[in-house]
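The values are calculated or read from the model by the stated rules, or taken from the named source; none is laboratory data. This is a predicted model, so every value here is computed, not measured. Here the Cβ is made from the backbone with ideal geometry for all residues, glycine too, and neighbour counts use every protein chain on show.
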Amino acid sequence: MKLLGSLLDAVFVLRCVGCDVPLATARGATAEALAFCDLCAATCNEPEPGCLVCGQELASILGGVSRGPCGACLATPPPYRRARWGYEYGGAVQDAIKRLKFGGREDVAGPLARAAFRLAEVGDGWDAIVPVPLHWWRLARRGFNQATALSHALRAVTRAPVETGWLRRKRATVAQSTLPEPRRDANVRGAFEVPRRDRVRGKAVLLVDDVVTTSATTTECARVLRRAGAASVDVWSVARTLA
């Protein structure tokens, strides 16, 4: 039995999602300790408290940090109820997302999602988790949707089912990261649709993506879901690129 245990440990050893070194974890370890080694964890920056709607940092006139809706959300409320993310995009978090997204390392999704979700303070009580969809040809080239992999990792935490058919990308778009900010809204406008409105109507949705930059994609997805009758949409991502 000891030999079998040693073999299982060798095969199923936990590894850092940022650098792949084996993790020395103890029973009851935190979600972060089950995802990042100490060196990588030191490069992971958590977001500052910010706007209660879009999550962006709010600096008060007194130099502190204020909590409440920002001016932009007060002037033009977004189609989602709240947007949250676990980390700032950079350091080991950026490395982990690239390994997941471009390196085919789906095993990174679970520990990364659980660590980032704990920090996000996004809420609870959803009827479904909906990943931001890829266009079919990009899905075929990549082999999987990283947002779907992250969504399945959250299922055990939220107890909400993952619904990959509720939202569809009907038009291929240029990668948002290659475009200047002013062109990103137009790039995704009209790119998504809800095939079956009866499934979405009246539901509370958690919309999941890996990285949010200008929020153009998640805002458009949330808008389409709300127009289809979703009662509410919350947005969660592993990380956000901050200006």
Taking the residues in the stretch 48-60 that are in a strand (DSSP E or B) and buried (at least 19 other Cβ atoms within 10 Å of the Cβ) as candidates, determine which candidate is modelled with the lowest pLDDT.
Gly50
Asp209: modelled with pLDDT of 90 or more and surrounded by fewer than 17 Cβ atoms within 10 Å (Cβ to Cβ), yes or no?
no
Against the definition (modelled with pLDDT under 95 and of a type outside the set (Ser, Thr, Tyr)), how does Gly63 come out, yes or no?
yes
What's the number of the only condition in (1) in a loop (DSSP other than H, G, I, E, B); (2) surrounded by fewer than 17 Cβ atoms within 10 Å (Cβ to Cβ); (3) modelled with pLDDT of 75 or more that Leu39 fails to meet?
(1)
Which numbered condition Ile129 misses (of (1) farther than 16 Å from Ala31 by Cβ; (2) modelled with pLDDT under 85):
(2)
Can you tell me which residue is nearest to Ser151 (Cα to Cα) among those in the stretch 65-105 that are hydrophobic (A, V, I, L, M, F, W, C), within 13 Å of the chain's Cα centre (by Cα) and assigned to a strand (DSSP E or B)?
Trp85
Looking only at residues in the stretch 106-129 that are in contact with a helix residue (DSSP H, G or I) (Cβ under 7 Å, 6 or more places away or on another chain) and touching a residue at least 60 places away in the same chain (Cβ under 8 Å), which one is farthest from Arg15 (Cα to Cα)?
Trp126
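Per-residue answers, yes or no, for (1) under 27 Å from Ala120 (Cα atoms); (2) at pLDDT below 95; (3) over 18 Å from the mean Cα position of the chain (by Cα):
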residue	(1), (2), (3)
Trp166	yes, no, no
Ser177	yes, yes, no
Arg183	no, yes, yes
Arg197	no, no, yes
Ala222	yes, no, no
Looking at Ser237 and the list (1) over 13 Å from the mean Cα position of the chain (by Cα); (2) among the hydroxyl-bearing types (Ser, Thr, Tyr); (3) not in a loop (DSSP other than H, G, I, E, B), which single condition is not satisfied?
(1)
